[in-house]
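**Student:** Sending over a structure as structure tokens; questions will come in a sec.
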Amino acid sequence: MPVNNDLVGREFPPTAPYLVGREKVREFARAVFADAPQHTDVAAAQAAGYADVVAPPTFAMVIQDLTLQQLLAEPDSGIVLARTIHAEQRFTYSRPIVAGDELTAQLSVTGIRALGGNAMITSDATVTDAAGEHVVTATSVLLVGSDSEGEDA
């Protein structure tokens, strides 16, 4: 089954709230080699004007992943995980994510573009805090390969 073009414009329910933990921020910072002190040291983060440690910019992917799981689980999507790669990622921030934030995300599929026999699916996950204020929009492009099996030349 090819990717369902009717996904464009589809909005998914908001995710359950995700409480950003201090240790999760520290672990993520170490994993992505973000060595600025505000990512691991509370005093350094507070000296920079934050309430707690500041997540590296790509941390938003942790919350966005919850929304992408919704998309991948759609029975009519035509997306086969085994033929899917994460092709592009962008973040548009209103403010940094800090430990203690309670974040919710909502995904909308904004476009599907054919590329040969493949499909590029663009989606935006809008992440808000407990007060409903925008924190970040995470935009992903998934490249879904065609279902035809390749042959050796």
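The values are calculated or read from the model by the stated rules, or taken from the named source; none is laboratory data. Not measured: the values here are computed from a predicted model. As a convention, Cβ positions derive from the backbone with ideal geometry for all residues, glycine included, and neighbour counts pool all protein chains shown. Keep in mind that these areas ignore ligands, DNA and RNA; they rest on the heavy atoms of the full protein, side chains included. Shrake-Rupley method; radii C 1.70, N 1.55, O 1.52, S 1.80 Å.
**Student:** For the chain, what is the accessible area per residue in Å², given a 1.4 Å probe and the full set of protein chains?
**Tutor:** With the other protein chains kept in place, the chain gives 54 Å² per residue.
**Student:** Mean shadow of the chain, computed from the convex hull of its alpha carbons, in nm²?
**Tutor:** Dividing the Cα hull surface by four gives the mean projection, 10.5 nm².
**Student:** Report, in degrees rounded to the nearest 10, the 0 to 90 angle that the Cα long axis of helix 22-31 makes with the longest principal axis of the chain.
**Tutor:** Here the helix axis deviates by roughly 60 degrees.
**Student:** Here's something else I'd like to know. With Cβ to Cβ distances under 13 Å as the rule, what net charge do the other residues near Arg26 carry (K, R +1; D, E -1)?
**Tutor:** The answer is -2.
**Student:** Please name whichever of Ala105, Thr139, Ser94 sits farthest to the positive end of the charge dipole of the stretch 91-153, dipole taken about the Cα centre and charges placed at Cβ: Lys and Arg +1, Asp and Glu -1.
**Tutor:** So the residue we want is Ser94.
**Student:** Follow-up. Given charges of +1 on the Cβ of Lys and Arg and -1 on the Cβ of Asp and Glu, with all other atoms neutral, how large is the dipole of the chain about its Cα centre, in debye to the nearest 20?
**Tutor:** 360 debye
**Student:** Which one, Thr58, Gln69, Ala43, projects farthest toward the positive side of the charge dipole computed for the chain from Cβ point charges (K/R +1, D/E -1)?
**Tutor:** After comparing all options, I get Ala43.
**Student:** Shifting gears a bit: For the stretch 1-65, just list the percent of Cα-Cα distances falling in each 10 Å bin from zero outward, please.
**Tutor:** All Cα pairs considered, the percentages come to 19, 37, 20, 16, 7, 0.
**Student:** Output the relative contact order of the chain, whole-number percent, from Cα pairs under 8 angstrom with separation of 6+ residues.
**Tutor:** Answer for the chain is 28 percent.
**Student:** OK, next. Taking the Cα atoms of the stretch 61-122, what is the range of coordinates along each of the three principal axes, in descending order and whole Å?
**Tutor:** Largest first, the stretch 61-122 extends 43, 22, 19 Å along its Cα principal axes.
**Student:** Find the relative contact order for the stretch 44-101 and round it to a whole percent, using C-alpha pairs within less than 8 Å whose residues are 6+ positions apart.
**Tutor:** Once normalised by length, the contact order is 54 percent.
**Student:** Take the stretch 97-145, drop everything but the C-alpha atoms, weight them equally and run the Debye formula without solvent; then report log10 I(q)/I(0) at 0.25, 0.26, 0.32 Å⁻¹ to two decimals.
**Tutor:** For the stretch 97-145, the Cα-only Debye profile gives -0.84, -0.88, -1.11.
**Student:** Mean projection of the alpha-carbon convex hull of the stretch 42-86 over all orientations, in nm²?
**Tutor:** 4.3 nm²
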